[in-house]
Amino acid sequence: MGELRSAPRLWECRVIAYPVPHLVGIALGHPLLRDGQIWTSELLTYDPERGYARTLSRFYRPDSPSSDGS
């Protein structure tokens, strides 16, 4: 899927559930924002094991919980 391959990376991400579910993390390669800490739009689907998250506005490629080597 080309849309996912070109999706921004999201490092050190975590789900925040209030006021609506969204992701917080360090974005790399976002088409509209500088690289750095972001809050995404509302989270629709999150599957870190398969390497993707879908928000209202776009796909992200989150780091997996084991990607830091620990």
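Select from the range 1-19 the residues that are more than 14 Å from residue 63 (Cβ to Cβ), open to solvent by less than 60 Å² (accessible area, probe 1.4 Å) and aliphatic (A, V, I, L, M) and list them in ascending order. If you could, list the steps in order and put the result at the bottom.
In the first step, residues of the range 1-19 are kept if they are more than 14 Å from residue 63 (Cβ to Cβ); the result is 1-6, 16-19.
Next cut, open to solvent by less than 60 Å² (accessible area, probe 1.4 Å) only: 2, 4, 16.
Matches in the range 1-19: 4, 16.
Check off (1) touching a Leu at 6+ places or on another chain (Cβ under 8 Å); (2) surrounded by 14 or more Cβ atoms within 10 Å (Cβ to Cβ) for residue 48 and give me the number that stays unchecked.
Tallying (1) touching a Leu at 6+ places or on another chain (Cβ under 8 Å); (2) surrounded by 14 or more Cβ atoms within 10 Å (Cβ to Cβ), residue 48 fails exactly one: (1).
Taking strands (runs of 3 or more DSSP E) that fall entirely within the range 19-65, which contain at least 2 residues that are over 12 Å from residue 7 (Cβ atoms) and either of a type in the set (A, V, I, L, M) or touching a residue at least 12 places away in the same chain (Cβ under 8 Å) (or both)? Before the answer, list the steps.
On the way: elements: 22-28, 36-39, 43-47, 52-55, 59-62.
Output list reads 22-28, 36-39, 43-47.
The values are calculated or read from the model by the stated rules, or taken from the named source; none is laboratory data. Values in this document were obtained by computation on a predicted structure and should not be read as measured data. When we count neighbours, we look across all protein chains shown, and the Cβ atoms used for this are built from the backbone with ideal geometry, even at glycine. With ligands, DNA and RNA removed, areas are computed over all heavy atoms of the protein, side chains included. Shrake-Rupley method; radii C 1.70, N 1.55, O 1.52, S 1.80 Å.
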